[in-house]
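A short worksheet on the structure shown next.
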Amino acid sequence: MNECYDLIIIGSGPAGLTAAIYAQRARLHAVVLEKEMISGGQVLTTEAVDNYPGLIGIGGFELGSRFREHADQLGTVFVEDDVEGISLEGSLKIVKGKKDSYKARAVIIASGAVHRKLGVPGEERLGGKGVSYCATCDGAFFRNKVTAVVGGGDVALEDAIVLARLCRKVYVIHRRDQLRGARSLQESLLSLDNVEVIWDTVVESIEGENRVERLKLRHVKNQTGSMLEVDGVFIAVGITPNTQAYEGLIEMENGYLAAGEEGATSVPGIFAAGDVRTKQLRQIVTAAADGANALVSAERYLTQQGKV
């Protein structure tokens with residue numbers, strides 16, 4: 001930990017990689033700490049990205065790779081480590097990882113989010129045995145089989161559309177009487193002959209011996225129960241931000257780091273970007289914008305501190 005950086009960027013999804021690109025252009029002495037062996041974040045699990053301007057229908061893996069390639073070409077330094085917390089040493093920030101600790105004058109937290117779980121019986125036990133959170137990753141295992149998608153937002157609809165190309169039958173289980181996803185996705189989904197939406201219904205348990213065999217369902221309006229035989233279930237009920245390491249240090253709102261468009265958190269010199277911060281829309285394009293904004297704010301902070 002002898003080396004002191006101008007900036008530490010935590011996370012290498014679209015927000016972190018954009019911040020890294022801007023940091024190199026600003027000639028800051030920066031390092032990116034990434035938990036996974038490969039950069040890109042959740043975008044890597046998206047089959048096709050149709051809402052990133054100028055790159056119509058690009059694969060998520062390819063887009064994530066392009067972000068990383070851009071950062072690499074500018075000379076960004078990456079270190080693989082899992083951040084466990086941040087402490088303050090005067091105006092310096094000490095980022096503690098599982099492998100080492102790192103010191104910097106400013107930090108951008110862009111650690112992203114993870115898939116939210118249903119929290120029902122059978123979910124943990126049958127994880128990887130028919131329970132999945134990524135249709136793009138695992139859909140091929142269910143070719144010509146019967147699957148269910150739980151959720152009604154964009155991710156759930158995208159997953160169901162992906163599965164419909166592979167599976168004999170796809171059920172979409174939604175707790176409300178109308179979907180929340182983009183209208184274009186709803187139209188695409190509802191036009192598919194092998195997709196059936198089960199409205200006003202929740203999953204109470206996931207059942208099976210050594211693999212998923214059926215779902216126990218409950219209709220939320222009349223409270224009637226039913227069983228649905230499936231070979232797999234894909235859970236798409238939202239995300240949980242990776243902010244646990246910063247509890248007690250940074251002000252939060254519903255688990256998200258409280259930060260506006262400029263990315264400033266309640267701790268001077270610590271900024272938030274991407275899915276971890278409070279904001280209306282969490283998509284690739286807004287994550288990239290967050291990364292740029294947070295870097296400009298961090299650079300301004302360092303200049304005011306007389307550090308760059």
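The values are calculated or read from the model by the stated rules, or taken from the named source; none is laboratory data. Computed from a prediction, not measured in an experiment: that's the story for all the values here. Every residue, glycine as well, gets a Cβ built from its backbone with ideal geometry; the counts of neighbours run over all protein chains shown.
Would you please name the residue that is modelled with the lowest pLDDT, looking only at residues in the range 125-169 that are of a type in the set (F, W, Y) and closer than 18 Å to N194 by Cα? So the residue we want is F141. Summed over the range 221-237, residues that are in contact with a Lys or Arg (Cβ under 6 Å, 6 or more places away or on another chain) and either among the β-branched types (V, I, T) or part of a loop (DSSP other than H, G, I, E, B) (or both) total 2. Taking the range 224-252 as the range and being surrounded by fewer than 14 Cβ atoms within 10 Å (Cβ to Cβ) and farther than 26 Å from A160 by Cβ as the test, the residues that pass are Q244, E247, G248, E251.
Answer yes if at least one residue in the range 238-256 is part of a strand (DSSP E or B) and aliphatic (A, V, I, L, M), and no otherwise. So far as the range 238-256 goes, yes, one or more of its residues are part of a strand (DSSP E or B) and aliphatic (A, V, I, L, M).
Number of residues in the range 73-92 that are surrounded by 14 or more Cβ atoms within 10 Å (Cβ to Cβ) and either assigned to a helix (DSSP H, G or I) or outside the structural domain of L28 (by TED's automatic domain parsing) (or both): the value is 0.
Checking V285 against (1) closer than 22 Å to G64 by Cβ; (2) among the β-branched types (V, I, T); (3) crowded, with 16+ Cβ neighbours inside 10 Å, only one condition comes out false. Which one? Every listed condition holds for V285 apart from (3).
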